[in-house]
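Below you'll find the structure, written out as structure tokens, and then a few comments.
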Amino acid sequence: MLSHLSGHAISRPYGCCNPDRVPFMQIREYQESDLAALRAIHAAQGFDYPLPDLRNPLFVTKLILSKAHEENESHQAELQQEQIIGAALLRLTAEAYLLLDPTAGTPSERWQWLLQLHAATERDAWQRGLEDVHAWLPPPIARKFGKRIETLGWRRDDTWTPYCKRLACTARISGP
């Protein structure tokens with residue numbers, strides 16, 4: 001999927017001090033040999049969550065940001081030892097949408113129907129390999145409906161502040 005990025009990259013920093021050793025950044029795909037460096041970076045960040053298992057197939061994007069030094073000898077660049085600076089990791093998850101006719105049946109019947117649909121959906125998501133599902137409740141129903149779905153094992157998580165990035169086609173990536 002992202003193999004077109006391998007070995008490409010490359011952005012030069014502003015105002016480099018030593019023209020003989022010009023650092024550049026490279027973005028490449030993750031390799032198992034990167035794990036120790038990522039563990040050290042994760043620990044240095046000090047966040048209260050474990051480093052995820054990167055062998056999990058739900059991690060569909062695993063990109064490494066590394067810094068190397070380019071040596072200028074007879075106009076030929078030679079790559080020196082790489083230093084891993086960071087990584088971007090994307091794990092698949094799911095966003096739940098519930099469509100239930102508000103005019104069908106009684107409130108009690110609609111709740112029973114929701115329970116059946118909920119159980120079937122949970123089984124289906126688990127069988128597809130998903131580990132979690134997220135729901136964003138509209139403000140008019142959030143308090144009352146939130147309490148109801150908490151009885152089904154959902155939990156409100158305000159520990160971390162969520163952000164969303166809408167993806168769109170951007171500039172074409174060049175390279176071989």
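Of the candidates 156, 166, 148, the single residue that is outside the structural domain of residue 49 (by TED's automatic domain parsing), more than 24 Å from the chain's Cα centre (by Cα) and within 30 Å of residue 49 (Cβ to Cβ) is 148.
Just to be sure before I move on: is residue 27 at pLDDT 75 or above and either more than 19 Å from residue 92 (Cα to Cα) or not in a strand (DSSP E or B) (or both) in the structure I sent?
yes
Do you know which of the residues in the stretch 124-138 that are out of contact with any helix residue (DSSP H, G or I) (no Cβ under 8 Å at 6 or more places or on another chain) and closer than 18 Å to residue 150 by Cα is surrounded by the fewest Cβ atoms within 10 Å (Cβ to Cβ)? Steps first, answer last, please.
Step one: list which residues in the stretch 124-138 are out of contact with any helix residue (DSSP H, G or I) (no Cβ under 8 Å at 6 or more places or on another chain), which gives 124-132, 134, 136, 138.
Pick out the ones that are also closer than 18 Å to residue 150 by Cα and you get 131-132, 134, 136, 138.
Details: 131: 12, 132: 10, 134: 11, 136: 10, 138: 7.
Applying the filter and picking the extreme gives 138.
Residues in the stretch 49-83 that are part of a loop (DSSP other than H, G, I, E, B), exposed (fewer than 15 other Cβ atoms within 10 Å of the Cβ) and at pLDDT below 90: 74, 75, 80, 81. Taken together, the criteria place residue 130 among residues that are under 18 Å from residue 60 (Cα atoms) and not in a helix (DSSP H, G or I). The number of residues in the stretch 106-144 that are among the acidic types (Asp, Glu) and under 13 Å from residue 154 (Cβ atoms) comes to 2.
The one condition from (1) farther than 21 Å from residue 56 by Cβ; (2) modelled with pLDDT of 95 or more; (3) surrounded by fewer than 12 Cβ atoms within 10 Å (Cβ to Cβ) that residue 114 does not meet is (3).
The values are calculated or read from the model by the stated rules, or taken from the named source; none is laboratory data. The shown structure was predicted, so the numbers you read here are calculated from the model rather than taken from an experiment. FYI the Cβ positions are ideal-geometry reconstructions off the backbone, even for glycines, and counts take in every protein chain you see.
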